Each structure stands twice: as C-alpha cells, then as structure tokens.
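Q: Below you'll find the structure I mean.
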Amino acid sequence: VNTTPNSPKETRLNTIGDTNWRYNGQRITWSVDVKKEGYYSLVTRYRQDYSEGLNTYRKLYIDDKIPFEEAKSLEFKYGFDWENGVFGGENPYYIWLDKGVHTISFEVGPAHSSDILLELELELEIGTYYERQL
C-alpha cells in the first residue's frame, strides 16, 4: 500500500501525527464494525522520524482494555520512510474479535512521547486488516 497522494504541505490521508499526537495520555480511537468473528492481527502503516534515532511506543486498547501484556508498549521504529508494521513481527499478535462494533485505540505513554504518523489499516471498512482463523 502506498501513502499517496503525497504532499509536502498537507495531510491528505487518514493519518495522525506531526505535532498533534505526542503528549502523555493522548489517545486516538477508531470504531470498527467486525463483519465476521475471528482472530485478527493489526497492521499499521507508519513513519516515525521526529526523535532522531529513537523508536516510539504506544499502548493498544481494544474496547478500552489492553488485550495482552505486549500491547502495553508496541514499538514504532525510527526511520524516514513509511513502514508497514505487523505487531509481533514474524509471530503476529492475534486478537479475537466478535462480530459487531469495537473500538481500537493507541495511547501515548510516559517516556514514549515522540511523534509518529500513523495510519491504522483494517479490512473492516477503513483499510486492510489481516484475519487468521485458528
């Protein structure tokens, strides 16, 4: 997936970042309508180039709850290019979602307050979300 159209002056896609999502406690939330229950992994497209050489971390909430221990500190690596990130890497974290409306949130926490631009992709009406039935 390409982040296009690209503009040096304007944010043209559903992205969050720059100077508006970096302070402790700030949270961004998406409502998603899951059409089919199952195990899902989150896929993000991000760029974190504000804190030179440092990675950034966010807490993940599903329906206002942290779904597993690793979700307390999900990593967004430093770099100048847009990256596609699957949490858990080669061993993705899978989350069971029942059919119906759910919220997915990311929160800035202490000591991890660097800016990132983030585009959450879901196959649930706002992008590409990967599903795996176990």
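The values are calculated or read from the model by the stated rules, or taken from the named source; none is laboratory data. None of the values given here were measured: they were computed from a predicted structure. Don't worry about glycine lacking a Cβ; one is built from the backbone with ideal geometry, like all the others, and counts go over all protein chains shown. Only protein heavy atoms, including side chains, enter the accessible area calculation; ligands, DNA and RNA are left aside. Shrake-Rupley method; radii C 1.70, N 1.55, O 1.52, S 1.80 Å.
Q: I want to confirm something. Restricting to region 52-70 and keeping residues that are surrounded by 16 or more Cβ atoms within 10 Å (Cβ to Cβ) and among the basic types (Lys, Arg), which single residue is farthest from SER105 (Cα to Cα)?
A: ARG58
Q: Could you look through region 13-32, keep only residues that are open to solvent by less than 50 Å² (accessible area, probe 1.4 Å) and outside any loop (DSSP other than H, G, I, E, B), and pick out the one that is modelled with the highest pLDDT?
A: Among them, the one singled out is VAL32.
Q: Here's something else I'd like to know. Identify, please: which residue in region 94-134 is within 26 Å of TYR50 (Cβ to Cβ), hydroxyl-bearing (Ser, Thr, Tyr) and over 13 Å from the mean Cα position of the chain (by Cα) and is, among those, modelled with the lowest pLDDT?
A: Only one residue fits best here, namely SER113.
Q: Kindly list the number of the only condition in (1) hydrophobic (A, V, I, L, M, F, W, C); (2) surrounded by 14 or more Cβ atoms within 10 Å (Cβ to Cβ); (3) at pLDDT below 90; (4) over 14 Å from the mean Cα position of the chain (by Cα) that fails for TRP82.
A: Result: TRP82 passes all but (4).
Q: Give all pairs with beta carbons closer than 7 Å in which a residue from region 97-109 that is in a loop (DSSP other than H, G, I, E, B) meets a residue that is exposed (fewer than 15 other Cβ atoms within 10 Å of the Cβ); count only pairs at least 6 apart in sequence or on separate chains.
A: ASP98/GLU37; LYS99/LYS35; LYS99/LYS36; LYS99/GLU37; GLY109/ASN24
Q: How do the pairs read when you match residues in region 56-81 that are more than 19 Å from ARG45 (Cβ to Cβ) with residues anywhere that are β-branched (Val, Ile, Thr) and not in a loop (DSSP other than H, G, I, E, B), using Cβ under 7 Å and keeping only pairs 6 or more apart or on different chains?
A: Going by the 7 Å Cβ cut-off, the qualifying pairs are ILE62/ILE95; ILE62/ILE104; ASP63/THR103; ASP64/THR103; PRO67/ILE95.
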